[in-house]
Amino acid sequence: MRYIAQAPGKVILVGEHFVVHGGYAIAASITEGVRAEARKLASNRIRIISEDLGLTAEIPNRIPRELSPLAQCVTAIVKRCKYSGGLELRLKSMIPPSAGLGSSAATAVSGVAATSSALGRRLSSAEIVELAMISEKAIHGNPSGIDVHTSTYGGIILFRKGPKIIRNSIEPSKPLQLIVAYDEGRRQTAELISKVDGFRRSAPSHFSALLTANNVMVEKVTNLIKLGRTADIGAYLNFYQAILSNMNLSNPEIDSLVESSLDGGAFGAKLTGAGGRGSIIALSPDNKFKKIGKSLSRISERVIEVTLPAPGVRVWIEKT
Ligand code: PMV
């Protein structure tokens, strides 16, 4: 038997970075993600294979640095299931790493779901989140958890971290047509989080005022999604791009992807995720969706067209 899980990547519509500091954000799962396949082995070896990185980990003896966060998750599941046999977990990603699209969270969520399924334990969504967060914390230091929640539950979600996490599903009255364009340059989320933290420390009152403004705007955008007022949502995306740019999170490559989207008739466009390269999202009128996607693909490494809402993690079993 092969135990398979597919977990989606995510985009943040509004509120990235503020969400790290206790503010609200809205994220959505996308159609592309990471596929994980687990099977029990006759030996007692535990092996993780990343097809994209071309790396293999043998737990506990030989764990490449890049696979260590996931190895920590797998070790925790094996322990929770009191399993002492062998296991192989193989991962293949459809989304680029370090691009603001939540590939590390989708890797952890799919890995946790496939491994536990192979060990005969059907985890609740809350347990998947808890175990996948082991990897996210190891990678990002102080993540809000929005990526893992979005990849697990799917849909469009209003999120706030804290002792009592808020995660409300937002039901749009009509689907949102979103174009994701990826700028090839890589960057580390942890570095960008600490850059924003530097700004917060140097101007605490200004940052706190922006956090309050963010929460007001996130509430407005939540209502606009429910009402299907796509053009107005686009206006907020444009405003967020200006704010994030002002916090030195944009760059000329992201700016030109945003410019091209708006030039093609998008309602709004902004960087998504940590910024500093990475990806942009453009919200498009139905009749301009294809045209904008085409013009972005001339200057972007990769363009993904998504209709929101999209599902969260899925788990199934295939006979070998
Ligand atoms: O790692 P990224 O680029 O998908 O960004 C995640 C969004 C942040 O708000 C910057 C960090 C977080 O943990 O919420």
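Only the coordinates and a few stated rules stand behind these numbers; no lab work does. Source: prediction; values computed, not measured. Cβ: placed from backbone, ideal geometry, glycine included. Neighbour counts: every protein chain shown.
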When a/c is below 1.5 the answer is rounded, else prolate if a/b is larger than b/c, else oblate, so apply that to region 134-275 with a ≥ b ≥ c taken from the square roots of the Cα gyration tensor eigenvalues.
rounded
Whole-Hz ³J(HN,Hα) from phi, Karplus 6.51 cos²θ - 1.76 cosθ + 1.60, for region 38-50, glycine and proline x:
10, 8, 6, 10, 5, 6, 9, 7, 10, 10, 10, 10, 9
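Pop the C-beta distance of residue 319 and residue 126 into the FRET formula with R0 = 35 Å and round what comes out to the nearest 0.05. Mind showing how you got there, number by number?
Details: r = 30 Å, r/R0 = 0.85.
After rounding, the FRET efficiency stands at 0.70.
Select from region 1-87 those trypsin sites (Lys or Arg not before Pro) which occupy a DSSP coil region and have at most 16 other Cβ atoms within 10 Å, ordered by residue number. Write down the numbers at each step before the final one.
Details: sites: 2, 10, 35, 39, 40, 45, 47, 62, 65, 79, 80, 82; in loops: 45, 82.
Sparse-neighbourhood loop trypsin sites (Lys or Arg not before Pro): 45, 82.
Using the Cα gyration tensor of region 92-194, with a ≥ b ≥ c the square roots of its eigenvalues, what is the shape: rounded (a/c below 1.5), prolate (a/b larger than b/c) or oblate (neither)? Please report the intermediate quantities before stating the final value.
Details: a/c = 1.33, a/b = 1.12, b/c = 1.19.
It is rounded, given that a/c, with a ≥ b ≥ c, falls under 1.5.
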For region 188-280 the chymotrypsin sites (Phe, Trp or Tyr not before Pro) that pass both the DSSP coil test and the at-most-13 other-Cβ-within-10 Å test are none
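Taking K and R as +1 and D and E as -1, what net charge do the other residues with C-beta under 14 Å from the C-beta of residue 137 add up to? Numbers along the way, then the final one.
Values: positive: 161; negative: 130, 136, 147.
So the environment of residue 137 carries a net charge of -2.
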Using the basic label-point model (7 angstrom from Cα toward the beta carbon), what is the residue 168 to residue 65 distance in nanometres?
4.3 nm
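So if we plug the beta-carbon distance of residue 39 and residue 184 into 1/(1 + (r/R0)^6) with R0 = 35 Å, what FRET efficiency do we get, rounded to 0.05?
Working: r = 34 Å, r/R0 = 0.97.
The computed FRET efficiency comes out at 0.55.
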Where does the chain land at 222 nm, in deg cm²/dmol rounded to the nearest 500, when only DSSP H runs of n ≥ 4 count, each adding -39500 (n - 2.57), divided by all residues?
-13000 deg cm²/dmol
Can you return the lysines within cross-link range of residue 294? Criterion is Cα-Cα under 24 Å, with same-chain partners fewer than 8 residues away left out.
10, 174, 270
Just flag the trypsin sites (Lys or Arg not before Pro) in region 172-206 sitting in loop per DSSP whose Cβ has no more than 16 other Cβ atoms within 10 Å.
186
Which of 1, 217 has the fewest Cβ neighbours within 10 Å, and the rest in rising order
1, 217
Can you sort 166, 30 from fewest to most other Cβ atoms within 10 Å of each residue's own Cβ?
166, 30
